[in-house]
Amino acid sequence: MATTDTETPISQPESGQRKNPFFEPFDTPHGTYPFDRIRFEDFEEAFIEGIRRDKEQIEKTINNPDKPTFDNTIINKDDPFYYGLLDRVSTIFFNLMSAETTDEIDALAQKIEPLLTKHNNDIMLNMQLFERIKYVHRHHRRLDKEEKQLLENTYFNFTRSGALLCEADKERLRKLTEEGSMLSLQFSQNLLKEKKAFTLHLTDPADLAGLPERVCESAAQEAKDRNLDGWVFTLDFPSYGPFMKYSERRELRQQMYMAYNTICTHDNNENNIEICKRIINIRREIAQLLGSKCYADYVMKRRMASNSKNVYRLFDQLIEAYMPTARKEFAQIERLARKTEGKDFKLEPWDLSHYSYLLQMKKYNIDSEMLRPYFELSKVIDGVFGLAHRLYGITFKEAPGIPVYHPDVKAYEVFDKDGSYLAVFYADFHPRKGKQGGAWMTSFQDQHINSKGENIRPHVSVVMNLTKPTADKPSLLSLGEVETFLHEFGHSLHGMFANTRFESMSGTHVWWDFVELPSQFMENYAVEKEFLRTFAFHYETGDPLPDELIDRIVKSRNFQVAYACMRQVSFGLLDMAYYTLREEFTGDLIEFEHKAWEKAQVMKQLPDTCMTTQFSHIMSGGYAAGYYSYKWAEVLDADAFSVFKRHGIFDQATAQRFRDAILSRGGTEHPMTLYRLFRGGEPTINALLRRNGIRPPHKK
């Protein structure tokens, strides 16, 4: 909701009597959020009233004189709109906190977060409510599959939230969860502030040596936006990544690298070191209060991996298979660097991206800059939407009548292959001051079937930080950014195709190590010739991406794939090291980090750098003891795509089976049950090894 002189604010003052928009049904297309009518002051009022209504509903439930049943206890909601207020305001508020925050929103979050945590504890630790749930769990009518799953989920969620604890332990749990939620919020706010605070401001054209024209134009536009001369580079990846890759100024690469890799470690208010240590210890203590030996054990009760032993087994398999190749890949970079700079040259982390690029050019004569002219954003959008149409028959229609939260955001209506309305899709592509880095999919409304039997369709959103347009050029993407788009779009398909009865099991509400399958599956198309030919046309000439260039893309797809695998495994090892701790963590965070992921590190980490203090996935993003899920799902996605490769990558019958078995079913059954419905069996690591060109380790 931040505004500049040229942007439209989220709301304008209205004359006469005004009601808080959250208190009335949204008079908008498909009941979408009326961003144009919502004011900042509406949030706090709606939060307070939403909490009050929730409490009212709980009181009605526990004071119901009738015997507890599935219908009057588990799914009981007299007036879904009236009692859904807290969900409505929470959804938009926390989505805006990630995509379009302001100082005012951040301050309100600090005020509201403790109230929400206390409110959640009040529900989950309410013994009268739990006694009714426990009764229904033991004595219930005949339930269908989804009803059974909802009942099991409800009972499990209450027990894992402390419902069976004694009063003293419940009180301790309250304090820990309230402190933990505030620290996670503070972690995120510190990260955003510290990341946005750094700029590399250049005024000497000689400092641009090696940078492509497009990169310089983007930096010049950034400087202009800040009323500065010259060029400005930031730590947002569309700026940082190309600078590290192309810049010939080693001292400037070092400056950028050290700024990026020491985020939130400095002696200032944004230092996250003690916050991280406390978050780790809070989660360990919560897990142990609830009967688990460590936080990873607590989390994995609802994971495909089941336990940390299986996670480490996967990591060991990957290290054994990929590390020999990763070391060879790194040695190739070192040789090229020394051949270029002299035999005494010592390769440092800020050199890696640059000399990797030079090696890729030498081996394949291919670079993202030569591909960018063929990946103009509007054409990529057409290609991605066209892929969804070719696979599933769905269509997208831009809907300017649907309100959005920022002028950059586009809204689309999505229609199924029979022409019926399927979903609303929001796309938010470019970085800006109030947006977190990275890319993610979220939702403003999840699919469910209401009490009237109406199928309420979802409103999903994809938020990214793709290369921005300049004064002279449209937004031209790298192949990596195309993959990012496909990844998040895969998540959105999971949300849009949802077709379950209950909202809490709809779409992406699945076990954490299953949620990345639909997204990573879509990435496979990025290097498929048949797909690239549908949208990759030069933005100026209209010429298609040459076959010869496509062939080079395909040949180079596994360039440094083993090094990239070890990088992901190292992140997973770090995550698991923190959350398998059974004793209080009091050590040096940076030293612990260096040791935790050592066996997957190909290049030695510098002493003062730290990933943990900016590792939002595991500190504030829900991936704690779950970062392994990217590699876990990669095994699944390679295995699943091998089915498409066998039948045809656009085969509609295979796509329909994938939709019916996985994309539409949400969390209604065990993930492996759903995967077997599609695949006809369980996955192995073999398809991933074949895709990456890695030979299986020799069996002893």
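The values are calculated or read from the model by the stated rules, or taken from the named source; none is laboratory data. Please read all numbers here as calculations on a predicted model, not as lab measurements. FYI the Cβ positions are ideal-geometry reconstructions off the backbone, even for glycines, and counts take in every protein chain you see. Surface accessibility is based on the protein's heavy atoms, side chains included, excluding ligands, DNA and RNA. Shrake-Rupley method; radii C 1.70, N 1.55, O 1.52, S 1.80 Å.
Restricting to region 340-359, count the residues that are closer than 17 Å to GLU251 by Cα and either in contact (Cβ under 8 Å) with a residue 40 or more places away in the chain or under 36 Å from the mean Cα position of the chain (by Cα) (or both).
Residues in region 340-359 being closer than 17 Å to GLU251 by Cα and either in contact (Cβ under 8 Å) with a residue 40 or more places away in the chain or under 36 Å from the mean Cα position of the chain (by Cα) (or both): 10 in total.
Condition first: in a strand (DSSP E or B) and either at positive phi or surrounded by fewer than 19 Cβ atoms within 10 Å (Cβ to Cβ) (or both). Now tell me which residues in region 424-443 satisfy that.
TRP440 - this is the single residue of region 424-443 that is in a strand (DSSP E or B) and either at positive phi or surrounded by fewer than 19 Cβ atoms within 10 Å (Cβ to Cβ) (or both).
Is it the case that some residue within region 378-386 is assigned to a helix (DSSP H, G or I), open to solvent by 70 Å² or more (accessible area, probe 1.4 Å), within 28 Å of GLU516 (Cβ to Cβ) and touching a residue at least 40 places away in the same chain (Cβ under 8 Å)?
The answer is yes; a qualifying residue exists.
Hey, any hits in region 35-53 for a residue that's open to solvent by less than 60 Å² (accessible area, probe 1.4 Å) and at pLDDT below 95?
No: region 35-53 contains no residue that is open to solvent by less than 60 Å² (accessible area, probe 1.4 Å) and at pLDDT below 95.
Which of the residues belonging to region 307-330 are assigned to a helix (DSSP H, G or I) and either open to solvent by 30 Å² or more (accessible area, probe 1.4 Å) or in contact with a His (Cβ under 7 Å, 6 or more places away or on another chain) (or both)?
Within region 307-330, LYS309, ASN310, TYR312, ARG313, ASP316, GLN317, GLU320, PRO324, THR325, ARG327, LYS328 qualify.
Identify all residues within region 554-574 that are assigned to a helix (DSSP H, G or I), open to solvent by 20 Å² or more (accessible area, probe 1.4 Å) and free of Cβ contacts under 8 Å to residues at least 40 places away in the same chain; write none if there are none.
Once the filter is applied, which keeps residues that are assigned to a helix (DSSP H, G or I), open to solvent by 20 Å² or more (accessible area, probe 1.4 Å) and free of Cβ contacts under 8 Å to residues at least 40 places away in the same chain, region 554-574 yields VAL554, ALA564, ARG567.
Of THR117, THR101, THR177, which residue is assigned to a loop (DSSP other than H, G, I, E, B), within 25 Å of the chain's Cα centre (by Cα) and crowded, with 17+ Cβ neighbours inside 10 Å?
Testing whether each residue is assigned to a loop (DSSP other than H, G, I, E, B), within 25 Å of the chain's Cα centre (by Cα) and crowded, with 17+ Cβ neighbours inside 10 Å leaves just THR101.
Residues are listed down the side, and each one gets a yes or a no for (1) surrounded by fewer than 19 Cβ atoms within 10 Å (Cβ to Cβ); (2) within 23 Å of the chain's Cα centre (by Cα); (3) assigned to a helix (DSSP H, G or I):
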position	(1), (2), (3)
GLN254	yes, no, yes
ASN271	yes, no, no
GLU274	yes, no, yes
ASN281	no, no, yes
GLY291	yes, no, no
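Here are ALA655, ALA577: which of them is open to solvent by 10 Å² or more (accessible area, probe 1.4 Å), part of a helix (DSSP H, G or I), of a type in the set (A, V, I, L, M) and out of contact with any strand residue (DSSP E or B) (no Cβ under 6 Å at 6 or more places or on another chain)?
None of the others qualify; the one that does is ALA577.
Kindly provide the set of residues from region 533-553 that are free of Cβ contacts under 8 Å to residues at least 24 places away in the same chain and either in contact with a helix residue (DSSP H, G or I) (Cβ under 6 Å, 6 or more places away or on another chain) or open to solvent by less than 10 Å² (accessible area, probe 1.4 Å) (or both), ordered by number.
Passing the criteria: only ILE550.
Condition (residue is buried (at least 19 other Cβ atoms within 10 Å of the Cβ) and at pLDDT 95 or above) applied to region 140-150: is it met by at least one residue?
yes
Considering only residues that are farther than 15 Å from THR467 by Cα and in a loop (DSSP other than H, G, I, E, B), which ones fall in region 212-249?
The answer is ARG226, ASN227, LEU228, ASP229, GLY230, SER247, GLU248, ARG249.
I need the full set of residues from region 642-652 which are open to solvent by less than 10 Å² (accessible area, probe 1.4 Å) and among the aromatic types (Phe, Trp, Tyr), in order please.
Answer for region 642-652, where residues must be open to solvent by less than 10 Å² (accessible area, probe 1.4 Å) and among the aromatic types (Phe, Trp, Tyr): just PHE644.
Any residue in region 621-637 that's over 20 Å from PHE658 (Cβ atoms): show its pairings with residues that are basic (Lys, Arg) and at pLDDT 95 or above at Cβ separation under 7 Å, as long as the two are six or more apart or on different chains.
Taking only residues 6 or more apart or on different chains, the pairs are ALA624/ARG283.
Please count how many residues of region 621-638 are open to solvent by 10 Å² or more (accessible area, probe 1.4 Å) and on the phi < 0 side of the Ramachandran plot.
The number of residues fulfilling the criteria is 8.
Which residue out of THR199, THR203 is within 27 Å of ASP106 (Cβ to Cβ), open to solvent by 20 Å² or more (accessible area, probe 1.4 Å) and touching a residue at least 24 places away in the same chain (Cβ under 8 Å)?
Criteria check complete, one pass: THR199.
Report yes if PRO403 is assigned to a loop (DSSP other than H, G, I, E, B), open to solvent by 50 Å² or more (accessible area, probe 1.4 Å) and at pLDDT 95 or above, otherwise no.
no
Please verify whether PHE26 is surrounded by 15 or more Cβ atoms within 10 Å (Cβ to Cβ) and under 27 Å from the mean Cα position of the chain (by Cα), treating the condition exactly as stated.
no
Give the residue, chosen from LEU129, LEU86, LEU96, that is in contact with an Asp or Glu (Cβ under 6 Å, 6 or more places away or on another chain), buried (at least 19 other Cβ atoms within 10 Å of the Cβ) and either modelled with pLDDT under 95 or assigned to a helix (DSSP H, G or I) (or both).
That would be LEU86, the only listed residue that is in contact with an Asp or Glu (Cβ under 6 Å, 6 or more places away or on another chain), buried (at least 19 other Cβ atoms within 10 Å of the Cβ) and either modelled with pLDDT under 95 or assigned to a helix (DSSP H, G or I) (or both).
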